[in-house]
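First up is the structure itself, then whatever we jot down about it.
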Amino acid sequence: MRQVTWSTSDVEPREATGYWRDLVCATFVRVRVDPLADEGFTGTVSHTDLGGIGVSRLAAQPQSVRRDRALIAGEDDGYLLANIQLTGRGLVTQHGRAAVLDPGSLVFVDSTEPYAMEFTGAFTQLVIRIPQAQLPRRDLRASTAVALPGEGPAGVVTAFLSGLGDLAAPEARDLVPHALGLVGTALGWAAGSDLDGNAEFVRERIQRFLRLHAGDPGLDAETVAAACGVSRRTLFRALAGSESFGAQLRRLRVTRAQELLRAKPSWPLDVVAGASGFAGAAQLHRAFKALTGVTPGEYRRGTRRHGPGH
C-alpha cells in the first residue's frame, strides 16, 4: 500500500481544469466536473488503495459534479462512495433527496444511479470508494443522499474510516473487514430502518435537528420527522423513555428565550417570543414560568440586577 498524491500544480494553469476532470474520473468514477470559478482552479488528491477499497483525501476549489445515465452505461462495476466532509460545505442529490454536507458529516452515494454534487466554496473531503460486491448491505436506494451527523454514533464510523488511510499497509488491511461492517451499519442508519437496533442514532438525529431549528414557530413533529427521514411513529418511538418531543421543543425554546432576554434587554416580549419559536408572548410566559419558576419579565429584571451571567 502506498499513498500517491496528484495536484493541478503539476500542470500548466490552462490545463488544470481538464487535468482535474481526468483525475477525478480515474480516482472515483466517471463524472462531469465543472469548476464554478472563471479561473485559477486548483485541486489535490491523495489516494491509497487497500485491496480494492480506495481511500482518497481531496481539496479543491468550487465545482459541480454530475453523473448521468450516459456515463453509467457500459460500466460493469458498481461502487459505494462514502463522502466525509472535512471543511467547507456541499450539496448531494440522488434518488430525489438532497443532503447538505457540513464538516464532519457522512453521506453515501451509489455510483450505479445518477447523482449530483455541488460545492460553492473551497472544500476538503475524504472519500472511501467501496466495490458494492463487498458490501454487507446491497440495497442502497434508501441510504444515499442522507446526511449522518459527525457527532453521536455516526461519528464513530467517520472517525474509524478517516483513520484508515493513515495506517501502514498490514494494519490497514486487517481493519478493512471491520470498516465494511461499520459501513453496513451506517447504511442502515441512513435508511432509517431497523429502528430497534438504531434508536440511539435516530434519537440523536432528531435532537440535533431540534437544537438547530427550535426557533422556527412552524416546527412540529411532522416537519421534524420528514426532515430526519423517518415517520412520525418512528420519531415518537425513538424518543420513548426520554424527554418527549413537545417537552424538548419547549425546553429548547425557553433556553433560547433566556439567551435573548439577557442579550437583548430592550426587545419587547412578543419579539423575544417570535424569535424563540413561540406563537406569542402569552405562550412564552406560560412555558417560561413552568420550566424556570419565574416569568420572562422577572427573569429579565434579575439579569439586570445581577449581570448577564446569571
Helix 281-292 versus the longest principal axis of the chain: what angle, 0 to 90°, nearest 10, using Cα atoms? 90
To the nearest 10 degrees, how steeply does helix 245-263 sit against the main Cα axis of the chain, on a 0 to 90 scale? 80
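With a ≥ b ≥ c the root eigenvalues of the C-alpha gyration tensor of the stretch 11-136, is it rounded (a/c under 1.5), prolate (a/b larger than b/c) or oblate?
Numbers: a/c = 1.41, a/b = 1.30, b/c = 1.08.
Note, shape of the stretch 11-136 comes out rounded.
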So how strong a dipole does the chain carry about its Cα centre when Lys and Arg Cβ are +1 and Asp and Glu Cβ are -1, to the nearest 20 debye? 1740
Could you pull out every residue, at least 5 positions away or on a different chain, whose amide H is within less than 5 Å of the one on VAL146? Hs are placed 1.01 Å off N in the peptide plane, and Pro or chain starts have none. PHE108
How much accessible area per residue does the stretch 1-154 have, counting only protein heavy atoms and a probe of 1.4 Å, in square angstrom? 45
Taking the alpha-carbon centre of each part, the distance from the stretch 109-159 to the stretch 234-310 in Å is 37
Given the whole protein assembly as supplied and a 1.4 Å probe, what does the accessible area of GLU15 come to in Å², nearest 10? 90
Which angle from 0 to 90°, rounded to the nearest 10, does the C-alpha axis of helix 16-27 make with the longest principal axis of the chain? 90
Report the gain in length on full extension from ARG237 to LEU291: 0.36 nm times residue separation, minus Cα-Cα distance, nm rounded to one decimal. 17.0 nm
Share of carbon and sulfur in the accessible heavy-atom surface of the chain [1.4 Å probe, %]: 51
Shape of the chain, Cα gyration tensor, a/c cut at 1.5: prolate
Take the alpha carbon gyration tensor of the stretch 1-82, find the square roots of its eigenvalues, order them as a ≥ b ≥ c, and report rounded if a/c is under 1.5; if not, report prolate when a/b exceeds b/c, else oblate. oblate
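The values are calculated or read from the model by the stated rules, or taken from the named source; none is laboratory data. From a predicted model like this one, the values you see are computed outputs, not experimental measurements. Positions of Cβ are generated from backbone atoms using ideal geometry, with glycine treated the same way; all protein chains shown enter the neighbour counts. For the accessible areas, the whole protein counts, side chains as well, though only heavy atoms, and no ligand, DNA or RNA atoms are used. Shrake-Rupley method; radii C 1.70, N 1.55, O 1.52, S 1.80 Å.
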